[in-house]
Amino acid sequence: MITRYEGKQVNLRRVTKKDAEDIARWAKDRLISRYMYIPYPYGLQDAYDFIRLDQKWWRGHSNRNFGLEHPETGKIIGMIGLMHLNARDRNGEIGYWLAKPHWGNGIMPEACRLCLKFAFQELKLKRVYAHTRLENKPSQRVLEKLGFTLEGRLRKASFQQNRYHDVFLFSMVREEFK
């Protein structure tokens, strides 16, 4: 199984303990955690705990996460992954975040294309879906740019920051991936 994908602006690779400081540096930003199920504030120990858990997930085939590696520095500038992998139904959920200094440069659509290539070609998934909170317009634009279809609105489906939020459900099936 391929565990590294190279792009023009970003590479996807598995993370190691050496990446904990980079992950913690960026994930501690409140603008990152506001739409994610990651703790705030996010510390170095949280990054080590995530990396340890991620290694377990890879062994158990339940999730597949990749660090977004800056091709020039080799540093991790975000994360992307496939969660809730369902072998019987051949589907999973994509989720991602990117360090704020790299927003608006087309990095996330490229990272998503690489992750979708992994999902559809390596894992042989039939369907990939994503949830975004209604307020998360940048994530919705990424999904729309990639050709995801808005399937609907899930009312009060996400509990974050001590309250329930509505979310949009997007999906893409293998035949739609270009």
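Okay, here's what the table says:
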quantity	calculated
The lone exception for Thr73 - which of (1) of a type in the set (Ser, Thr, Tyr); (2) closer than 13 Å to Val10 by Cα; (3) surrounded by 15 or more Cβ atoms within 10 Å (Cβ to Cβ) it fails	(3)
Flag for Glu151 being of a type in the set (D, E, K, R) and either surrounded by 13 or more Cβ atoms within 10 Å (Cβ to Cβ) or assigned to a helix (DSSP H, G or I) (or both)	no
Subset of the stretch 92-113 (residues that are part of a loop (DSSP other than H, G, I, E, B) and in contact with a strand residue (DSSP E or B) (Cβ under 6 Å, 6 or more places away or on another chain))	Ala99
Flag for Asp89 being touching a residue at least 12 places away in the same chain (Cβ under 8 Å) and part of a loop (DSSP other than H, G, I, E, B)	yes
Enumeration of residues in the stretch 120-141 that are under 12 Å from the mean Cα position of the chain (by Cα) and part of a helix (DSSP H, G or I)	Ser139
The lone exception for Trp58 - which of (1) open to solvent by 30 Å² or more (accessible area, probe 1.4 Å); (2) modelled with pLDDT under 95 it fails	(1)
Members of the stretch 159-178 that are open to solvent by less than 40 Å² (accessible area, probe 1.4 Å), at pLDDT 95 or above and out of contact with any helix residue (DSSP H, G or I) (no Cβ under 8 Å at 6 or more places or on another chain)	His165, Asp166, Val167, Leu169, Ser171
Any chance His84 is touching an Asp or Glu at 6+ places or on another chain (Cβ under 7 Å) and either open to solvent by 40 Å² or more (accessible area, probe 1.4 Å) or within 21 Å of Tyr5 (Cα to Cα) (or both)	yes
Selection count, the stretch 23-38, where residues are touching a Gly at 6+ places or on another chain (Cβ under 8 Å) and either within 17 Å of Met108 (Cβ to Cβ) or open to solvent by 50 Å² or more (accessible area, probe 1.4 Å) (or both)	4
Options Gly60, Gly67, Gly43, Gly74: the member that is out of contact with any Pro (no Cβ under 9 Å at 6 or more places or on another chain), of a type in the set (Gly, Ala, Ser) and at positive phi	Gly74
Single condition Tyr42 does not satisfy, out of (1) open to solvent by 50 Å² or more (accessible area, probe 1.4 Å); (2) assigned to a loop (DSSP other than H, G, I, E, B)	(1)
Flag if Lys117 is touching a residue at least 40 places away in the same chain (Cβ under 8 Å), outside any loop (DSSP other than H, G, I, E, B), open to solvent by 60 Å² or more (accessible area, probe 1.4 Å) and not small (Gly, Ala, Ser)	yes
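The values are calculated or read from the model by the stated rules, or taken from the named source; none is laboratory data. Please read these numbers as outputs of a predicted model, since none were measured by experiment. Cβ coordinates were reconstructed from backbone atoms using ideal geometry, including for glycine residues, and neighbour counts include every protein chain displayed. Note: accessible area is taken over every heavy atom of the protein model, side chains too, but ligands, DNA and RNA are not part of it. Shrake-Rupley method; radii C 1.70, N 1.55, O 1.52, S 1.80 Å.
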